[in-house]
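The values are calculated or read from the model by the stated rules, or taken from the named source; none is laboratory data. Predicted model, so just to flag it, every value in this text is computed and none were measured. Virtual Cβ from ideal backbone geometry, glycine too; neighbours counted across all protein chains shown. These area figures cover heavy atoms from the full protein model, side chains too; ligands, DNA and RNA do not enter into them. Shrake-Rupley method; radii C 1.70, N 1.55, O 1.52, S 1.80 Å.
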Amino acid sequence: MNEELDNHIHKLRLQHKISQQELADAIGVSRKTISTVETGRFTPSVVIALKIAAHFNIPVEQVFALK
Amino acid sequence: MENTVLITPETEQQYLTYTGKISVVFAVFLLATALSSLDTEETVVSWGLGLITLISAVSAFVISLKSMKFSKHTTRLGFWTLKFNDEYVDYVSALSLRTTCHVMLFGGLVLAYFGDDKWFIQLIAPLSLSSMIQILLSIALLTHGLLIMTKMREDEADE
């Protein structure tokens, strides 16, 4: 669990009404990658972080933030 | 040339899970083989260990054959060195290999350094040094397999 990093993927998914699988398919990763990033168990690379932000059409700082 | 067609994160995930299962089955096989050397008489325990050895050997063969189908659906690097494109799958693969490497290094160091010492041979008796190596390999494989299977089952219901 990353104690320093916070993310808003779950909230953004609910707003856009998409499942973890749909988000995973859209950015080309496994659902497991999305679920572990969302729960803070896994810290993604900058590339994945930017792809998630691009998918929601917002800056990466609005998806990930330091606690 | 590397095969770049049909490589999905799910395929990589399935292949890594298969390798985890193979490791666990091989670990059981090696452990049963090592423990069989303790009991040379025909008792229920020796029959049980023999049966476990046979079942695990057949299972390892069958799962290994099944995993061969992934050679067409993963990159050559991914298939042989367990390096994957999907970040989480690659993270789990690297973590399990790193932990296994540490187990082998520390265990191997002890066996290589003290293996011939009289006190060590007395300590592990009635096991032989080769049985101890089998047990060490078994622990390493079990670490590899169980780590993969545990990490791959985490967050299964988080949707």
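Among what's in segment B:59-101 and is within 13 Å of chain A (Cβ to nearest Cβ) and among the hydroxyl-bearing types (S, T, Y), pick the residue that is most open to solvent (accessible area, probe 1.4 Å). Even if it seems obvious, please write down each step before you answer.
To start, the set of residues in segment B:59-101 that are within 13 Å of chain A (Cβ to nearest Cβ) comprises B:84-95.
Now restrict to residues that are among the hydroxyl-bearing types (S, T, Y): B:88, B:91, B:93.
Values: B:Y88: 4, B:Y91: 73, B:S93: 1 Å².
Once the filter is applied, the top-ranked residue is B:Y91.
Is there a residue being under 20 Å from the mean Cα position of the chain (by Cα), under 30 Å from A:V37 (Cβ atoms) and within 14 Å of another protein chain (Cβ to nearest Cβ) anywhere in segment B:102-111? Lay out the reasoning, then the answer.
First, pick out the residues of segment B:102-111 that are under 20 Å from the mean Cα position of the chain (by Cα): B:102-109, B:111.
Remaining after also requiring under 30 Å from A:V37 (Cβ atoms): B:102-103.
In the following step, the residues that additionally are within 14 Å of another protein chain (Cβ to nearest Cβ) were identified as none.
Looking for residues that are under 20 Å from the mean Cα position of the chain (by Cα), under 30 Å from A:V37 (Cβ atoms) and within 14 Å of another protein chain (Cβ to nearest Cβ), one finds none in segment B:102-111, hence no.
If you take the residues of segment A:39-63 that are within 13 Å of another protein chain (Cβ to nearest Cβ) and of a type in the set (S, T, N, Q), which of them is most open to solvent (accessible area, probe 1.4 Å)?
A:T43
List the pairs whose first member sits in segment B:34-56 and is at positive phi, whose second member is part of a helix (DSSP H, G or I) and open to solvent by less than 90 Å² (accessible area, probe 1.4 Å), and whose Cβ atoms are under 6 Å apart, counting only residues at least 6 apart or on separate chains?
Short answer, once both residue conditions are applied: none.
State whether the residues of segment B:28-44 include one that is closer than 25 Å to A:Q21 by Cβ and in a loop (DSSP other than H, G, I, E, B).
Scanning segment B:28-44 turns up no residue that is closer than 25 Å to A:Q21 by Cβ and in a loop (DSSP other than H, G, I, E, B).
Among the numbered criteria (1) within 11 Å of another protein chain (Cβ to nearest Cβ); (2) more than 21 Å from B:D90 (Cβ to Cβ); (3) within 10 Å of the chain's Cα centre (by Cα); (4) free of Cβ contacts under 8 Å to residues at least 12 places away in the same chain, which one does A:S19 miss?
(3)
Does B:T43 satisfy the condition of being open to solvent by 40 Å² or more (accessible area, probe 1.4 Å) and out of contact with any helix residue (DSSP H, G or I) (no Cβ under 9 Å at 6 or more places or on another chain)?
yes
Can you tell me which condition A:I34 does not meet? The list is (1) more than 21 Å from B:Q14 (Cβ to Cβ); (2) within 9 Å of the chain's Cα centre (by Cα), and all the others hold.
Among (1) more than 21 Å from B:Q14 (Cβ to Cβ); (2) within 9 Å of the chain's Cα centre (by Cα), the lone unmet condition for A:I34 is (1).
Take the conditions modelled with pLDDT under 95, open to solvent by 70 Å² or more (accessible area, probe 1.4 Å) and not polar (S, T, N, Q) and apply them to A:E4. Does it pass?
The answer is yes for A:E4.
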